[in-house]
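Have a look at the structure below before the remarks.
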Amino acid sequence: MLAALLSVAILMFESCETWQSEELRRRTILVYMSGDNDLWNDMNGNLRSMIASMTPELSAYNSLIVFVDRPGANSVLLDVRNNMCDTVKVWDENLSSSSPDVLSMVENYVFKAYPAMSYGLVVSSHGTGWVPASTLHYIDPNKYALPLGGMRPASLPLTKALCCEITSANKMKWMEVADMSEAIPYGQFDFILFDACMMTGVETISELYGKTRYVIGSSVEIMSIGFPYSAIMRDMFNGNYADVCRKCYEFYNSKTGTERTCGVALIDVDKIREVAFAFKTLVDNSTVNVDGIDLYHDVQRCDRYRNPVMFDLLDVAEKLKPSEPYLADFKRVLSGCVSSCYHTEYVCKELKLDRYCGLNCYLPVSKYADVINPFFAETEWNRITKFLKE
């Protein structure tokens with residue numbers, strides 16, 4: 001089956017025409033497909049949607065450049081335009097797209113070859129928000145002890161989450177969020193769209209401060225078919241990010257069963273520190289300790305891990321029970337950071353979303369004192385909020 005998919009993809013790549021890039025475009029969007037895993041079939045479908053969406057009209061002033069890392073093949077860079085594509089570069093090997101050095105190399109190539117007045121980045125792959133890869137086996141051993149290409153329990157449908165590869169030793173290799181941030185130049189991107197699970201967490205957004213103005217993504221899981229690119233491509237180029245969120249929600253909300261799963265929001269990254277300072281004030285004036293919150297029943301979860309680590313930020317703020325003025329101020333600041341927030345009633349027919357503010361957060365409970373808390377303590381979010389005291 002995989003060989004057949006690859007042959008289709010390679011045929012598509014080799015049948016493209018060749019163009020010379022113009023000196024300056026209105027916008028260049030780089031799509032970074034880290035697909036050396038079990039998502040390649042869906043990513044191939046995403047790529048076809050992108051090609052179909054890049055009409056001559058849209059291509060006249062914009063560039064869509066797609067980096068593709070897929071199983072068992074050399075990595076390639078594609079110039080997509082006029083409903084076709086051009087293979088502009090083929091590397092001599094299957095690059096490790098989970099490496100921040102590779103991301104940086106691809107970015108620099110695109111910035112030089114496809115200069116534009118503004119840039120956008122789409123990251124498509126597996127991942128887990130800010131949570132360090134070394135802790136995944138503890139969070140949910142049933143999910144992360146298995147190779148991604150292996151059999152999964154029926155309760156774990158295929159979803160997307162950040163830059164995971166299956167190595168030759170059949171192990172998972174991930175890119176950490178902090179390393180990804182280091183690979184992104186300051187102020188380079190107007191937006192980053194994460195076609196990946198649970199990436200709009202405050203810990204992740206805080207790491208991206210100064211790297212992009214906006215983030216589009218989800219604080220819960222995203223189904224493996226990803227964003228509806230045929231519906232949102234023009235909006236991404238035109239900067240209509242609110243419409244990107246709305247159309248993504250409408251696409252999934254029209255489905256049934258497990259596929260009726262969506263949480264999406266537009267985050268103004270420039271305002272995340274204001275949120276952090278307001279949260280610090282709220283925490284300093286809270287009346288409930290984090291260990292007094294039942295992670296399974298008291299607070300809105302954003303993940304379905306056996307040991308939950310991601311929770312709705314606004315619900316956490318309310319469960320800490322600060323006095324009303326502090327909570328009201330926090331809500332005001334949060335509403336200025338998060339806009340165009342949508343969600344379905346359930347995630348994968350299992351996790352009910354009674355609350356959804358568009359940002360998730362970690363609760364540094366003593367249960368995770370020796371496993372996750374040490375990593376959380378070093379996040380930019382915690383440096384500001386002091387949520388986990390020294």
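The values are calculated or read from the model by the stated rules, or taken from the named source; none is laboratory data. If you're wondering where the values come from, they're calculated on a predicted model, not measured in any experiment. We place every Cβ from the backbone using ideal geometry, glycine too, and count neighbours over all the protein chains shown. Just the protein is used for accessible areas: all its heavy atoms, side chains included, with ligands, DNA and RNA removed. Shrake-Rupley method; radii C 1.70, N 1.55, O 1.52, S 1.80 Å.
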Residue under question is Gly336, and the condition is that it be surrounded by fewer than 20 Cβ atoms within 10 Å (Cβ to Cβ) and at pLDDT 95 or above; does it hold? yes
Can you report the number of residues in region 353-381 which are assigned to a helix (DSSP H, G or I), within 23 Å of Lys271 (Cβ to Cβ) and not charged (D, E, K, R)? 2
All but one of (1) open to solvent by 50 Å² or more (accessible area, probe 1.4 Å); (2) β-branched (Val, Ile, Thr); (3) touching a Cys at 6+ places or on another chain (Cβ under 7 Å) hold for Thr281; state the number of the condition that does not hold. (3)
Flag for Ser335 being within 27 Å of Leu193 (Cβ to Cβ) and assigned to a strand (DSSP E or B): no
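So if I check each of Cys341, Cys361, which one is in contact with a strand residue (DSSP E or B) (Cβ under 8 Å, 6 or more places away or on another chain) and closer than 23 Å to Leu136 by Cα?
Numbers: Cys341 fails: closer than 23 Å to Leu136 by Cα.
One residue alone meets the criteria, Cys361.
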Inside region 210-240, can you point out the residues that are in contact with a Ser or Thr (Cβ under 8 Å, 6 or more places away or on another chain), hydroxyl-bearing (Ser, Thr, Tyr) and either at pLDDT below 95 or open to solvent by less than 10 Å² (accessible area, probe 1.4 Å) (or both)? Ser218, Ser219, Ser224, Tyr229
Hits in region 291-305 - residues which are crowded, with 20+ Cβ neighbours inside 10 Å and under 22 Å from Lys386 (Cβ atoms): Val299
Just need a number here: residues in region 280-308 that are at pLDDT below 95 and within 20 Å of the chain's Cα centre (by Cα). 4
Of all the residues that make up region 306-321, how many are open to solvent by 10 Å² or more (accessible area, probe 1.4 Å) and either assigned to a loop (DSSP other than H, G, I, E, B) or among the hydroxyl-bearing types (Ser, Thr, Tyr) (or both)? 3
Taking Asp270, is it part of a loop (DSSP other than H, G, I, E, B) and open to solvent by 20 Å² or more (accessible area, probe 1.4 Å)? no
Please note which strands (runs of 3 or more DSSP E) are completely contained in region 54-140 and include at least 3 residues that are modelled with pLDDT of 95 or more and under 25 Å from the mean Cα position of the chain (by Cα). 62-69, 76-81, 116-124
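Just to check your reading of the model, which residue among Gly187, Gly217 is in contact with a strand residue (DSSP E or B) (Cβ under 9 Å, 6 or more places away or on another chain) and farther than 22 Å from Asn108 by Cβ? I'd like the intermediate steps shown before the answer.
Numbers: Gly187 fails: farther than 22 Å from Asn108 by Cβ.
So the residue among Gly187, Gly217 that is in contact with a strand residue (DSSP E or B) (Cβ under 9 Å, 6 or more places away or on another chain) and farther than 22 Å from Asn108 by Cβ is Gly217.
Among the listed residues Tyr326, Tyr296, identify the single one that is in contact with a helix residue (DSSP H, G or I) (Cβ under 6 Å, 6 or more places away or on another chain) and either part of a helix (DSSP H, G or I) or farther than 18 Å from Met199 by Cα (or both).
On the way: Tyr296 fails: in contact with a helix residue (DSSP H, G or I) (Cβ under 6 Å, 6 or more places away or on another chain).
Answer to the check: Tyr326.
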Any residue in region 274-289 that is farther than 18 Å from Ser335 by Cβ sitting within a Cβ distance under 9 Å of a residue that is open to solvent by 80 Å² or more (accessible area, probe 1.4 Å) and among the hydroxyl-bearing types (Ser, Thr, Tyr)? List the pairs, counting only those 6 or more apart or interchain. Asp284/Tyr326; Asn285/Tyr326; Ser286/Tyr326
Against the definition (of a type outside the set (Val, Ile, Thr), part of a helix (DSSP H, G or I), at pLDDT 95 or above and more than 27 Å from Lys349 (Cβ to Cβ)), how does Phe251 come out, yes or no? no
